[in-house]
2 protein chains.
Amino acid sequence: MDLREISRLLYQIKLAEQNVASSFERETGFSLTRYEMLQVVKERDVCSQREIKEEMRIDNAAITRHLKILEEKGYVVRERNAENHREMFVRVTEKAEQDLGHCERDEQANHLVLQALSDEEIHQLSGLLQKLNSHT
Amino acid sequence: MDLREISRLLYQIKLAEQNVASSFERETGFSLTRYEMLQVVKERDVCSQREIKEEMRIDNAAITRHLKILEEKGYVVRERNAENHREMFVRVTEKAEQDLGHCERDEQANHLVLQALSDEEIHQLSGLLQKLNSHT
DNA sequence: TTGTATCGTTTGACAAGTCAACGATTGATA
DNA sequence: TATCAATCGTTGACTTGTCAAACGATACAA
């Protein structure tokens, strides 16, 4: 297993990421990151940006900017935590719930990975990525 | 298998890509993309940017910019194809061969994926990614 | 009460990708 | 042969990530 083989594998991961992220956006209308972000917030009902950071392992700066965009689109509302004015509390709006639910029911989205891989393979892939990601 | 589960999986791929690319760069001193690019050129001895594009599935603009950087670092030389003045021919330099060989022999690089996954698992992962990437 | 450290977020500068528009060459064809 | 289309590469504008510096709270110690 030499470096060249490793770089080939890693480059395949890069390509997969690009393909997959752009397909997701094309088919759902949501950028993958912002979709995840909305779901993370929604699951917590209300949450701080620090929580988003910990859950998504993404830089603070990126969070600030994504939330700005989501706010402009009317998908989230933000307000300072009254008990700790350093924190911003984020909450998804009714509109976000609707639009998320809408593309949830959209069959098209299923064409993504499901077309390429069987359920068994998806499960395998998920396990391997988990291993890979936890070793960081 | 609903959309939320899919997005989780795709987001894992995104995280993996980020981890893996930055580890690679930290440990080899080469950005993953530029390392691949040098190898692709080296394997062909001389090649046009179109060939790089087809092999690496990367945008033309990105190639132009990476090659500019590689040229500045003295890793590649470029010259117009005398028979077709539209094409640029790229070639790696002696210095590139040396530096690539140097980090090839560097054990550190092996800590990357190899630490997280067994040979068998790497093989599995590679297969799954291949399937995923060919379905695009 | 007054520093000082820490926290949570924001901002700016950079990297690396995309797409779209352009320029120079080349090839095809009317 | 003159023109028109296709090819190859470059450039500019944009996206989305990073890191580092800055900033307004807050907490705590002297």
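The values are calculated or read from the model by the stated rules, or taken from the named source; none is laboratory data. Computed from a predicted model, the values in this text were never measured in an experiment. Cβ atoms come from the backbone with ideal geometry, glycine included; neighbour counts cover every protein chain shown. Areas reflect the complete protein model, heavy atoms only, side chains present, ligands, DNA and RNA absent. Shrake-Rupley method; radii C 1.70, N 1.55, O 1.52, S 1.80 Å.
Could you list all residues from the range A:92-136 that are under 24 Å from residue B:114 (Cα atoms) and open to solvent by 20 Å² or more (accessible area, probe 1.4 Å)?
Scanning the range A:92-136 gives A:120, A:121, A:123, A:124, A:126, A:127, A:130, A:131, A:134, A:135, A:136.
Residue check: is residue A:98 assigned by TED's automatic domain parsing to the domain that holds residue A:13, more than 15 Å from the chain's Cα centre (by Cα) and in a helix (DSSP H, G or I)?
no
Residue under question is residue A:112, and the condition is that it be more than 13 Å from residue B:2 (Cβ to Cβ), facing chain B (nearest Cβ under 7 Å) and hydrophobic (A, V, I, L, M, F, W, C); does it hold?
So residue A:112 does not fit the description; no.
Is one or more of the residues making up the range B:58-68 at negative phi, touching a residue at least 12 places away in the same chain (Cβ under 8 Å), within 9 Å of chain A (Cβ to nearest Cβ) and among the hydroxyl-bearing types (Ser, Thr, Tyr)?
No; the residues of the range B:58-68 include none that is at negative phi, touching a residue at least 12 places away in the same chain (Cβ under 8 Å), within 9 Å of chain A (Cβ to nearest Cβ) and among the hydroxyl-bearing types (Ser, Thr, Tyr).
Which of the numbered conditions does residue A:76 fail, given that it passes all the others? Conditions: (1) under 17 Å from the mean Cα position of the chain (by Cα); (2) more than 12 Å from DNA strand C (Cβ to nearest atom).
Status for residue A:76: all satisfied but (2).
Condition check: within 11 Å of DNA strand C (Cβ to nearest atom) and either farther than 18 Å from residue B:89 by Cβ or more than 15 Å from the chain's Cα centre (by Cα) (or both). Does residue B:31 satisfy that?
Against the criterion (within 11 Å of DNA strand C (Cβ to nearest atom) and either farther than 18 Å from residue B:89 by Cβ or more than 15 Å from the chain's Cα centre (by Cα) (or both)), residue B:31 qualifies.
Give me the pairs: first residue in the range A:115-136 and farther than 18 Å from residue A:19 by Cα, second residue open to solvent by 60 Å² or more (accessible area, probe 1.4 Å) and of a type in the set (Val, Ile, Thr), beta-carbon distance under 7 Å, and six or more apart or on different chains, which are they?
Going by the 7 Å Cβ cut-off, there are no qualifying pairs.
Kindly indicate which of A:37, A:88 is within 18 Å of residue B:15 (Cβ to Cβ) and not charged (D, E, K, R).
Just a single option satisfies the conditions, and that option is A:37.
Just the residues that are basic (Lys, Arg) and more than 14 Å from the chain's Cα centre (by Cα), please, taken from the range B:34-54.
Within the range B:34-54, B:44, B:50 qualify.
Taking into account only those residues within the range B:8-57 that are within 8 Å of chain A (Cβ to nearest Cβ) and among the charged types (D, E, K, R), which is nearest to DNA strand D (Cβ to nearest atom)?
Going through the qualifying residues, I end up with B:14.
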